[in-house]
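Here's the structure, in structure tokens; my notes come after.
FYI, it's all coordinate maths here, none of it is from the lab. Bear in mind the structure is a predicted one, so any value in this text is a computation, not a measurement. We place every Cβ from the backbone using ideal geometry, glycine too, and count neighbours over all the protein chains shown.
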């Protein structure tokens, strides 16, 4: 039995789709806080169960017949490590034999504030005695396609990345890799640094947006504090704005770049270029 946490989220859904192309739906368990959101999967023969990271006493029972688990990182920044440790403890109690975890690129040395909880989770896995795979995912292309209409309207893309390159890939790319690693025979304890085949600068991203929209767009680089203030001005809560600005500034120092090509080799095809994701987002 292959189980996927966060199965109602964007990444979880794509992982389930990738697994469905590799195994019988009866071998798949979709776990989500609200199982009602997975009714369509249940209709296709996938087993669906409630699974709330913040209710640790309920987790082991939900994992009772699971052989391999994909632990998709929680979206609740600041609570992630505690929630993830609860899942790992429950998996150990339930006899789960293998856990794959969606971490962050170069987690052991990544300076982003967001990396701290990922490192803590990786440590918990390493200490659990369970076989595991660390899926150290780079940034998603989709991180850069949110709010494109506003970028096109104003003709300006802002950030604090400078001229550094970010090696992003699409959610679908990362989801396919997760499904492959979860289903591989035999499952292996390993660490995968997963990122796009080739990086792009923010100026190149702005050019891709301009090409797809037919309107002029330029990149404006800002100091980290100014970028955080701008994000707050757009209505993003202060703590999240500062996390995003920290990520942008540290990406400017190479924190989100990797040129190993591991992701493309794993999925057996080139990763999705940022220009393709931009085009899809503007057409959608």
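Please identify which residues in region 237-277 have an amide N closer than 12 Å to a label point set 7 Å out from the Cα of residue 143, following the Cα→Cβ vector. The answer is 243-258, whose backbone nitrogens lie closer than 12 Å to the label point.
Put the Cα centre of region 62-112 next to the Cα centre of region 136-196 and the gap is 19 Å. Rg/Rh for region 2-137 stands at 0.95; both radii use Cα atoms, and Rh follows the Kirkwood definition. Computing Rg/Rh (Cα atoms, Kirkwood Rh) for the structure here picks out one of (1) 0.93; (2) 1.00; (3) 0.98, namely (3).
As a check on your grasp of the helix formula, calculate [θ] at 222 nm for the chain: sum -39500 (n - 2.57) over DSSP H runs of n ≥ 4, divide by the residue count, round to the nearest 500. When only DSSP H runs of four or more count, the value is -12500 deg cm²/dmol. Structural descriptor for the chain: relative contact order 19 percent, calculated from alpha carbon pairs under 8 angstrom and at least 6 residues apart.
Of all DSSP beta bridges in region 2-137, what percent run antiparallel (nearest 5)? Present the calculation step by step, with values, prior to reporting the outcome.
Numbers: 0 of 21 bridges.
DSSP beta bridges in region 2-137 are roughly 0 percent antiparallel.
Multiplying the residue separation of residue 33 and residue 184 by 0.36 nm and subtracting their alpha-carbon distance yields 51.6 nm. Residue ranges 151-158, 28-35 sort as 28-35, 151-158 when ordered by packing (mean number of other C-beta atoms within 10 Å per residue, highest first). Against the chain, whose longest principal axis is taken from its Cα atoms, helix 80-94 shows a tilt of about 20°. Counting DSSP beta bridges in the chain, what percent are antiparallel, to the nearest 5? Of those bridges, close to 5 percent are antiparallel. From the square roots a ≥ b ≥ c of the eigenvalues of the alpha-carbon gyration tensor of region 201-266, which class results: rounded (a/c under 1.5), prolate (a/b over b/c), or oblate? Taking the square roots of the gyration eigenvalues as a ≥ b ≥ c, region 201-266 is oblate. Taking Cα atoms, how many degrees apart are the long axis of helix 274-283 and the longest axis of the chain, rounded to 10 and kept between 0 and 90? Computed tilt is about 90 degrees.
Let's test the formula: R0 of 25 Å, r as the Cβ-Cβ distance of residue 77 and residue 191. What FRET efficiency results, to the nearest 0.05? The calculated FRET efficiency here is 0.65.
Counting only alpha carbon atoms, the long axis of helix 238-251 and the longest principal axis of the chain meet at about 80°.
Computed from the Cα positions only, the extents of region 1-73 along the three principal axes stand at 32, 23, 21 Å, in decreasing order. Distance from the Cα centroid of region 1-32 to that of region 198-274 is 29 Å (rounded to whole angstrom). The residue 1 and residue 109 beta-carbon pair, evaluated with R₀ = 30 Å, returns a calculated FRET efficiency of approximately 0.30.
For residue 218 and residue 240, the FRET efficiency from 1/(1 + (r/R0)^6), where r spans their Cβ atoms and R0 equals 35 Å, is about 0.85.
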